[in-house]
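Visitor: My questions will all concern the structure given below.
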Amino acid sequence: MRVPPKALALAALVTTQGCAGIGALEALGGSCTQEQLIVTWQAAITRGTSLSTTLLVATLTPDDISQTEFNTLRKALTEGGPGTYNVTWTVPAFNVNGGHITFRHGAPLPSGETQQVGTTLTGEGWSAQPATPILPPAVSLTADNFTATSATGSITVLASSPLRLRIDVTTRNAAGETIRLTGDPRFAYQKVTRTCIP
């Protein structure tokens, strides 16, 4: 297989110059703008009687879903509309492969509104579907040996543009064990510059 000369040059820069070659890579490849949605949540997690506090963060880019759905999520979660959608978002959690917390709720939501969470869903991910109808808020939670089968609690809207929530939800698994989630997740939209390699 014949390797293009430009690829050989890039490989040589990385191999021989290490970090010093990054500037040359930028010169060869230029820069690109990357859109991203970020959810940040300083969560208090009570499992049984054990309480821990952890920072949960997830970043979504148009590479993860379609550009159209990314645009819809951006508008619904950070701009307050237009339109009404059932949105789903996920943060990895519990330091275990597959561990996650996922919420589904309507968006946009008005500041001050409180909705009851009384059901669970399966799976994880991000999505925005037209709200016909608006589905009740739901949560999915998977830890190392815990899968939520029921939930009770509430979501309160602290701000709508961008969306900031106050969550107080207790999940329960089939064995009757509980995990309670509290804290204020917030959403943000950013454009960042990264190096492009042609």
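The values are calculated or read from the model by the stated rules, or taken from the named source; none is laboratory data. Being a predicted model, the structure only gives us computed values, none of them experimental. Virtual Cβ from ideal backbone geometry, glycine too; neighbours counted across all protein chains shown.
Visitor: Of all residues in region 172-196, which are touching a helix residue (DSSP H, G or I) at 6+ places or on another chain (Cβ under 6 Å) and either charged (D, E, K, R) or modelled with pLDDT under 95 (or both)?
Guide: The answer is Thr195, Cys196.
Visitor: Out of region 66-116, which residues are among the charged types (D, E, K, R) and buried (at least 19 other Cβ atoms within 10 Å of the Cβ)?
Guide: Arg74, Lys75, Arg104
Visitor: Further question: Here is a check on your reading of the model: is Leu181 surrounded by fewer than 17 Cβ atoms within 10 Å (Cβ to Cβ) and not in a loop (DSSP other than H, G, I, E, B)?
Guide: no
Visitor: In region 146-166, which residues are farther than 17 Å from Ile45 by Cα, touching a Leu at 6+ places or on another chain (Cβ under 7 Å) and assigned to a loop (DSSP other than H, G, I, E, B)?
Guide: Pro162
Visitor: Still on this structure: Residue under question is Ala131, and the condition is that it be buried (at least 21 other Cβ atoms within 10 Å of the Cβ) and either in contact (Cβ under 8 Å) with a residue 40 or more places away in the chain or charged (D, E, K, R) (or both); does it hold?
Guide: In short, no.
Visitor: Here's another thing I want to ask about it. Restricting attention to region 117-128, report how many residues are of a type in the set (A, V, I, L, M) and surrounded by fewer than 15 Cβ atoms within 10 Å (Cβ to Cβ).
Guide: Adding up the residues that qualify gives 0.
Visitor: Moving on to the next point. Scan region 169-197 and report the pairs whose first residue is on the phi > 0 side of the Ramachandran plot and whose second residue is hydroxyl-bearing (Ser, Thr, Tyr) and surrounded by fewer than 17 Cβ atoms within 10 Å (Cβ to Cβ), with Cβ atoms within less than 9 Å and a gap of 6+ or a chain change.
Guide: Gly183/Thr53
Visitor: At least 2 residues that are within 19 Å of Thr152 (Cα to Cα) and either of a type outside the set (S, T, N, Q) or at pLDDT below 95 (or both) in each: list the strands (runs of 3 or more DSSP E) lying fully within region 86-135 that qualify.
Guide: Passing ranges, in order: 100-107.
Visitor: If you go through region 58-81 one residue at a time, do you hit one that is without any contact (Cβ under 8 Å) to a residue 12 or more places away in the chain and closer than 22 Å to Ala151 by Cα?
Guide: No, there is no match, as no residue in region 58-81 is without any contact (Cβ under 8 Å) to a residue 12 or more places away in the chain and closer than 22 Å to Ala151 by Cα.
Visitor: While we're looking at this one, here's another question. Criterion first (more than 21 Å from Ile38 (Cα to Cα), at pLDDT 95 or above, assigned to a strand (DSSP E or B) and not aromatic (Phe, Trp, Tyr)) does Val169 satisfy it?
Guide: Taking the combined requirement at face value, the residue satisfies it.
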